[in-house]
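The values are calculated or read from the model by the stated rules, or taken from the named source; none is laboratory data. What you see is a predicted model, and the numbers here were worked out from it, not measured in a lab. Here Cβ is always computed from backbone atoms with ideal geometry, including for glycine, and neighbour counts include all displayed protein chains.
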Amino acid sequence: MRSAVAGAQRIVVKIGSSSLTRRGGGIATERIDALVDVLAERRKAGAQVVLVSSGAIAAGIAPLGLSKRPRDLATQQASASVGQMLLVARYAASFERYGLTVGQVLLTADDMIRRAHYRNASRNFERLLDLGVVPIVNENDAVATDEIRFGDNDRLAALVAHLLRADALVLLSDVDGLYSGDPRKPESFLVSTVASASDLSEVVAGTTGASGVGTGGMASKVAAAEVATSAGVHVVLTSAARAAEALSGADVGTYFAPTGRRLPTRLLWLRHATTPRGVLLLDSGAVEAVVSRRASLLSAGITGVRGDFVAGDPVDLVSPAGVSVARGLVAYDATELPPILGKSTHDVGPKYRREVVHRDDLALL
């Protein structure tokens with residue numbers, strides 16, 4: 001099935017800080033040129049390519065005279081402000097060797113959480129690709145706060161692949177694939193293919209990067225692959241040095257097979273790009289109605305409310321066992337719901353006779 005990557009017409013490629021920058025900070029020019037050589041060849045072959053690139057904070061470390069990646073948010077933002085300009089300028093110069101224009105797209109989690117922002121981002125990407133531009137995407141670290149951060153660019157890349165309905169996602173790292181454990185230990189083995197969750201049963205994925213300049217570890221890459229494959233996207237995880245082989249469909253790294261089928265963009269957004277603002281606790285009858293019959297959620301099936309949300313916010317629907325079974329856009333403020341919980345639509349006033357969450361605004365988890 002790796003041939004699907006070789007034949008992909010729309011590809012998202014993500015590369016981490018450790019693959020682009022020198023230890024201690026600063027851009028590794030030769031590494032950027034090597035990556036661009038690969039992407040430009042694929043672009044010239046007719047495919048549309050979107051690059052999600054980390055490295056802004058790391059690129060700003062040396063120019064600011066810092067000895068290591070900053071830990072506090074303010075200094076991270078300052079480093080990103082300086083580093084992002086250097087990073088994109090270097091990409092622009094490298095792609096220009098092939099007559100290709102790049103465009104910078106900086107996103108925060110808020111751009112994925114808010115429906116209007118999400119649609120605007122989609123339109124921007126589509127127009128850039130129509131114009132033959134190679135979008136260079138990064139989290140907007142210069143303004144992102146702890147509350148609205150993606151946390152790592154692996155998740156961002158998976159969401160961009162969703163947003164663009166990409167055919168393939170290639171995650172490039174400083175490790176040549178997913179190993180069962182620490183790749184430096186002889187007992188660890190490379191996992192060549194992940195077709196289902198059972199293929200990960202022997203895997204212990206680390207949660208931190210080893211370079212000191214990045215934030216995403218192997219666990220974040222596996223999680224990103226799961227998000228992308230759930231919507232039919234083919235995913236390959238390998239090292240930056242093997243990018244050309246991965247894009248050609250060669251048997252390198254770890255291939256994650258699609259586990260689901262493409263859903264309407266609205267449901268993809270609701271399931272993977274939103275952060276719940278609250279929780280609705282359901283009785284077993286409501287769980288059955290929502291999950292098995294795909295019915296709307298009514299007040300009669302709700303036993304409790306948690307969180308501070310307003311009408312239109314995403315909320316998780318939780319079973320009596322404490323499992324989140326669905327996510328939906330709620331039609332009421334949190335303060336409006338307590339008086340009508342457990343009551344049928346015939347027992348409440350006219351203003352409360354609409355669905356709490358309409359089935360068209362529900363995505364099963």
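Listed here are the residues, each with its yes/no results for (1) at pLDDT 90 or above; (2) over 11 Å from the mean Cα position of the chain (by Cα); (3) outside the structural domain of Phe256 (by TED's automatic domain parsing); (4) basic (Lys, Arg).
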| residue | (1), (2), (3), (4) |
| --- | --- |
| Arg155 | no, no, no, yes |
| Leu163 | no, no, no, no |
| Asp167 | yes, yes, no, no |
| Val170 | yes, yes, no, no |
| Gly181 | no, yes, no, no |
*asked:* When you check Arg119 against the structure, is it farther than 23 Å from Leu20 by Cβ and either in the same structural domain as Asn140 (by TED's automatic domain parsing) or buried (at least 18 other Cβ atoms within 10 Å of the Cβ) (or both), yes or no?
replied: yes
*Restricting attention to the range 49-71, which residues are farther than 14 Å from Ile27 by Cβ and under 25 Å from the mean Cα position of the chain (by Cα)?*
Val49, Val50, Leu51, Val52, Arg69, Pro70, Arg71
*For Arg71, indicate whether it is in the same structural domain as Phe95 (by TED's automatic domain parsing) and assigned to a helix (DSSP H, G or I).*
no
*Please state which of the following conditions Glu355 fails to meet, knowing it meets all the rest: (1) in contact with a helix residue (DSSP H, G or I) (Cβ under 6 Å, 6 or more places away or on another chain); (2) acidic (Asp, Glu); (3) closer than 30 Å to Arg262 by Cβ.*
(1)
*Within the range 241-284, can you find the residues that are crowded, with 22+ Cβ neighbours inside 10 Å and at pLDDT 95 or above?*
Ala243, Ala246, Leu247, Val252, Gly253, Thr254, Tyr255, Phe256, Leu280, Leu282
*Filter the range 89-107 for residues that are at pLDDT below 95 and part of a helix (DSSP H, G or I) and give the result.*
none
*Would you be able to tell me the number of residues in the range 278-329 that are free of Cβ contacts under 8 Å to residues at least 60 places away in the same chain, closer than 14 Å to Asp361 by Cβ and either part of a strand (DSSP E or B) or charged (D, E, K, R) (or both)?*
8
*asked:* Among the numbered criteria (1) within 18 Å of Ala157 (Cα to Cα); (2) at pLDDT 90 or above; (3) of a type in the set (Val, Ile, Thr), which one does Thr29 miss?
replied: (1)
